[in-house]
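The values are calculated or read from the model by the stated rules, or taken from the named source; none is laboratory data. Fair warning: this is a prediction, and the values are worked out from it, not measured in the lab. Glycine gets a Cβ as well: all are built from the backbone with ideal geometry, and neighbour counts include every protein chain shown.
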Amino acid sequence: MDRHQGMADAGRDEVAGMVLPAWDAFIARAATVDLERPSRLPGWRAQEICVHLGCWDDHTAMADLIASARAGGTGTPPEVDAVNARVIAAHRNASRAEVLAALERNRDATANYLAKEPVELDTAPTVSVVGQIPLLSVVLGQAYELAVHGLDLVSCGAAPPPTEALQSGLAALADVTAGLAASMDITGGVTLATPDGGWGFTAGPEGWWVRRVPAGSFAGPAVEASADLLLEAASGRINPVPAVARRRLRVHDVGGLLTLAPIVQAVPGIPGGPILQLAARTVGGAGGVLGRLFGRG
């Protein structure tokens, strides 16, 4: 039996329908804000958020990922904080028009890949910031970053990301986490549940599967909250503990969720790491009661 590879099994049309609207939503909101306004990220204005998501002459992330996939996924994972610092230093003073054009170029590079590159590349491993995963999963992973940074732009005066952009971000989070679990021979699964529905995944010896989950329809290990809160907890934007204490975030079947905790040790910066750490501390706290994946992204 062929090994299952999550959202890559669904195909590029499905992924295109998620990641390209996520780009459009982010760019539309970036176009409305004053790029000089400080964001909630210390030392970053809206300018820095947008600059590091752009495609520049000296920073062509999509082309680099394609080249890695063509080469069989060889190479060293980039150090995300160092890459961000280099790109921001080079383009910190770019004009508003240049920044928005760089965002459009990255969106177009993604669209061109999905429209023109051989479909065989979709399941080819490529080197990403979290290790080797299928190229199409990395492409979808943009939706997670765009959703989280779309939430960051709210602190600069932008409208919140639309519901579907947040859901696409959760799908990307589920896909990458499941792929890493499968690569570590972990058998398990989790649902990321929201009032609008959510995404679940299962990993096992034959690969991993990702599925959309209707609202109120989940069983077993799950993390339940609004989509924005799940993304903010997963990205480390907020501490999930107070959200649990206030019952804004609920963890179901902590023991099942804990099976995924070794991923955090293997990939400390994984998106979703704070939630997995929360599960570990829940089990490890006194009497089993609550004791307590990309830098800035």
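Among the residues of the range 4-33 satisfying the criterion of being out of contact with any Pro (no Cβ under 9 Å at 6 or more places or on another chain), outside any helix (DSSP H, G or I) and not hydroxyl-bearing (Ser, Thr, Tyr), which is nearest to VAL119 (Cα to Cα)?
For the range 4-33, the residue satisfying everything is GLY11.
I need a count of the residues in the range 109-166 that are among the charged types (D, E, K, R) and over 25 Å from PRO77 (Cβ atoms).
Of the residues in the range 109-166, 2 are among the charged types (D, E, K, R) and over 25 Å from PRO77 (Cβ atoms).
Just checking, does the range 120-141 include any residue being over 20 Å from GLU14 (Cα atoms), in a strand (DSSP E or B) and either touching a His at 6+ places or on another chain (Cβ under 8 Å) or not polar (S, T, N, Q) (or both)?
Yes, some residue in the range 120-141 is over 20 Å from GLU14 (Cα atoms), in a strand (DSSP E or B) and either touching a His at 6+ places or on another chain (Cβ under 8 Å) or not polar (S, T, N, Q) (or both).
Residue by residue, here is whether (1) assigned by TED's automatic domain parsing to the domain that holds ALA124; (2) surrounded by fewer than 21 Cβ atoms within 10 Å (Cβ to Cβ); (3) hydroxyl-bearing (Ser, Thr, Tyr); (4) out of contact with any Gly (no Cβ under 8 Å at 6 or more places or on another chain) holds:
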{"site": "ARG12", "(1), (2), (3), (4)": "yes, no, no, yes"}
{"site": "ALA28", "(1), (2), (3), (4)": "yes, yes, no, yes"}
{"site": "PRO38", "(1), (2), (3), (4)": "yes, yes, no, yes"}
{"site": "ILE49", "(1), (2), (3), (4)": "yes, no, no, yes"}
{"site": "ASP57", "(1), (2), (3), (4)": "yes, yes, no, yes"}
{"site": "ALA61", "(1), (2), (3), (4)": "yes, no, no, yes"}
{"site": "ASP64", "(1), (2), (3), (4)": "yes, yes, no, yes"}
{"site": "THR74", "(1), (2), (3), (4)": "yes, yes, yes, yes"}
{"site": "ALA82", "(1), (2), (3), (4)": "yes, yes, no, yes"}
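Any residue in the range 15-33 that's at positive phi: show its pairings with residues that are part of a helix (DSSP H, G or I) and surrounded by fewer than 18 Cβ atoms within 10 Å (Cβ to Cβ) at Cβ separation under 9 Å, as long as the two are six or more apart or on different chains.
Pairs that qualify, where the first residue is at positive phi and the partner is part of a helix (DSSP H, G or I) and surrounded by fewer than 18 Cβ atoms within 10 Å (Cβ to Cβ): there are none.
Tell me, yes or no, whether the range 208-226 has at least one residue that is within 14 Å of ALA10 (Cβ to Cβ) and in contact with an Asp or Glu (Cβ under 7 Å, 6 or more places away or on another chain).
Looking for residues that are within 14 Å of ALA10 (Cβ to Cβ) and in contact with an Asp or Glu (Cβ under 7 Å, 6 or more places away or on another chain), one finds at least one in the range 208-226, hence yes.
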